[in-house]
Structures are given as structure tokens and as C-alpha cells.
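Here's the structure we're looking at; comments come further down.
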Amino acid sequence: MILIADSGSTKTSWCLVDSGKKIVEFSTEGYNPCYVGEDYITRSLRGALPPCFSWDEVREVHFYGAGCYEEEFLIIRRGLQPVFPKARLFVAMDLLGSARALLGNKPGFAAILGTGTNSCLYDGVNVTHNIDSLGFLLGDEGSGGYIGKCIIRDYIREDMPVEIRRFFQNQYQLSKEELVHRIYMDKMPNRYCANFTRFLTMQCKENEYAVKLVAEAFRDFFKNIVCKYPGYESLTFNCIGSIGWVFQDILCEIVKEYNMKLGRIIREPMEGLVKYHSNNPNSI
């Protein structure tokens, strides 16, 4: 039996698979090694595992995670090993997982638009080219964290329409000073800012202000990242993640604006990862 994990900065989806069939599915918090350590991962996961299965029977764990750069692999492995002592552990970036889920064994372009942003060219097995998103502080254009920062910025600078600003005040009951303090002091500021994207889906998703803000965030993603891939206009745009999914109507318009063909936009990669690992049992 193998256990597949898709971990973002906010949430990790897990699926236990045996002979291509799902046995157990569950969720935990996200385990981004840029923000959490190995002991934290072990404690959190032990407290979140469903009690309906003997987890020491797992023989392989395939962990695809946000922030899982090669130099961070050891943090994830050390966090997982006490929980799954008999399993072989395979750790890779969430970007590879997304490409495999979106494209299977076919080459192409894949992107993530969730709490964070990433993108790549994929050859059907591995990522071959990646333009660094630069993370929450310097980049992540188009992500939930990026959109959340724009919302907070507009609120503090009073650049929101009056009715939307009033709705924001009533919804969150936070002063400008409290917002700034939380962003700079929170252990996971990307997750904190990304939470504010829900604000745009409550009462004002179709509002001109909301549409313009999200569209500009997606344009920044294309201008600063997607357009830097050689021959990007000849590629099909495939995307995974909650932000791309929720705001896909706006995203589709921006894809057309940048003369790319529209491919798949899906919310989560697990179905595709189960299929990929079932068809490629020796993959790492």
C-alpha cells in the first residue's frame, strides 16, 4: 500500500491506495518546510491520522509539498519517518505532483495557483524548466497570498469602494494597525493573507472592484512568470489550485488575453496522482 500526500501551505490532502483503489482519504494542515520543522510535522500528523487503519503497514509515502526544495527534503523525511517507520519515503515539490496530476505522462505546461504560485515545463516524467515564483515576500503573483496582500493594501489605503470597505470592516473587525501587526508577526503570513481571498467570494465576487483586482493579479502572474517561458504562446495552459479554480472565469479571460490555449483547470491533484502512481508503480 502507498500513501500519497499533496501538501500546500494551508492544507495537506492524503490518500491511501492499494492496487489502484482508494482505501482512506483525509486532510491535515499544510506542512511547508519553509515555515514548520520536523518535530512539528511529526506531532501534528500523529494527532491527525484517522484511527481506522494501522499506519505502520504503509510501505511507501509519496509526499508532494509546497516549499519542498531539494535542500528541504530532509525536514519532511525526518518529520514523516517516526509516523511511518516501515515506509520508503519519496519527497518532491508540489509542482511535480501538479504536473503529474494535470498531464500524466504527457509533456506540457503546468501551473499552481493556490495559497502560493508556481509553474513549470514538464517532459512527462520530471520538471524540466521552472521560473522561480520568488515566494510570498518577493513574488507569488496570482496566488491567494498575493491577492490577500492586495486586498489588505487597498483596505488600509482606502482604495476600496466605500460599500466594499464597509463590508470588510463589518466582516473582520480589524483595525489597520492590527492587520499590519498580524502580517508581520504571523508565523505563516502567506496563509494569513490568503484567507482574505474568501472576502471576494462572499458578497462581491461579481463586483467590478473584485473582478479587476483578481484580473490584475493574474496579469501579474502572466507578465512576470508565464511570459518568460520560451514559446509560451504555443503552450496549453493547465492549472491546479483553489484560486485558479474559484476564479477560473477571470483566469480563462487572462489566458486568452495572453494568446495561450486553455487546457485543464482543476482544484486538487489527488485524483490525477492516484491515477499516475497506479499507472507508474515504480516512479519516484
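The values are calculated or read from the model by the stated rules, or taken from the named source; none is laboratory data. All values reported here derive from a predicted model rather than from experimental measurement. Methodologically, a virtual Cβ is constructed for each residue, glycine included, from the backbone with ideal geometry; neighbour enumeration extends over all protein chains shown. What goes into the accessible areas is simple: the full protein's heavy atoms, side chains included, and nothing from ligands, DNA or RNA. Shrake-Rupley method; radii C 1.70, N 1.55, O 1.52, S 1.80 Å.
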#### Entry: CYS239 - accessible surface, heavy atoms, 1.4 Å probe, Å² rounded to 10
0 Å²
### Message
Apply the Karplus curve 6.51 cos²θ - 1.76 cosθ + 1.60, θ = phi - 60°, to the phi angles in the range 175-183 and return the couplings in whole Hz, x for Gly and Pro.
### Response
7, 4, 5, 5, 4, 4, 4, 5, 5
### Dimensionless Rg/Rh of the range 1-154 - Kirkwood Rh, Rg from C-alpha atoms
0.98
## Note on the structure
Over the range 52-198, with neighbouring protein chains present, the accessible area per residue in Å² at probe 1.4 Å is 47 Å²
### Query
Where a ≥ b ≥ c are the square roots of the eigenvalues of the C-alpha gyration tensor, would you call the range 111-153 rounded, which needs a/c under 1.5, or, failing that, prolate if a/b is larger than b/c, or oblate?
prolate
## Note on the structure
So TYR40 and ILE131, fully extended at 0.36 nm per residue minus their Cα-Cα distance, gain in nm 29.8 nm
### Task
Using only alpha carbon pairs under 8 Å that are at least six residues apart, calculate the relative contact order of the chain and give it in whole percent.
18 percent
#### Entry: Spatial extent of the range 1-92: Rg and Dmax, with the Cα atoms as the point set, Å
11.9, 34
### Rg to Rh, two decimals, where the range 167-242 supplies the alpha carbon set and Rh follows Kirkwood
1.07
### Mean projected area in nm² (Cα convex hull; one quarter of hull surface) for the range 85-156
6.6 nm²
### Query
Among bridges DSSP assigns within the range 26-133, what percent are antiparallel (round to 5)?
55 percent
### Query
Tilt of helix 248-257 relative to the longest C-alpha principal axis of the chain, in degrees (0 to 90, nearest 10)?
80 degrees
### Query
What number of lysine-lysine pairs in the range 180-284 show an alpha-carbon separation below 23 angstrom, given a sequence spacing of 8 or more or placement on distinct chains?
8
### the range 46-186: relative contact order in percent, alpha carbon pairs under 8 Å with at least 6 residues between
14 percent
### Message
Between helix 38-48 and the chain, what is the angle of the helix's C-alpha long axis to the longest principal axis, kept within 0 to 90° and rounded to the nearest 10?
### Response
90 degrees
#### Entry: Using alpha carbons only: equivalent-ellipsoid semi-axes of the range 103-216, gyration tensor based, whole Å
32, 16, 10
### Added length on full extension, which subtracts the Cα-Cα distance from 0.36 nm per residue, MET1 to GLU253
86.5 nm
## Note on the structure
1/(1 + (r/R0)^6) with r = Cβ-Cβ of SER19 and LEU49, R0 = 22 Å, i.e. FRET efficiency to nearest 0.05, evaluates to 0.50
### Query
Roughly how much of ASP132 is accessible, in Å² to the nearest 10, using a 1.4 Å probe?
90 Å²
#### Entry: Per-selection Kirkwood Rh - the range 140-284 (Cα, Å, 1 d.p.)
16.9 Å
### Message
With angles folded into 0 to 90 degrees, how steeply does helix 144-156 sit against the dominant principal axis of the chain? Use alpha carbons for both and round to 10.
### Response
30 degrees
### Task
Just round it to a whole percent: the fraction of Cα-Cα distances in the chain exceeding 22 Å.
58 percent
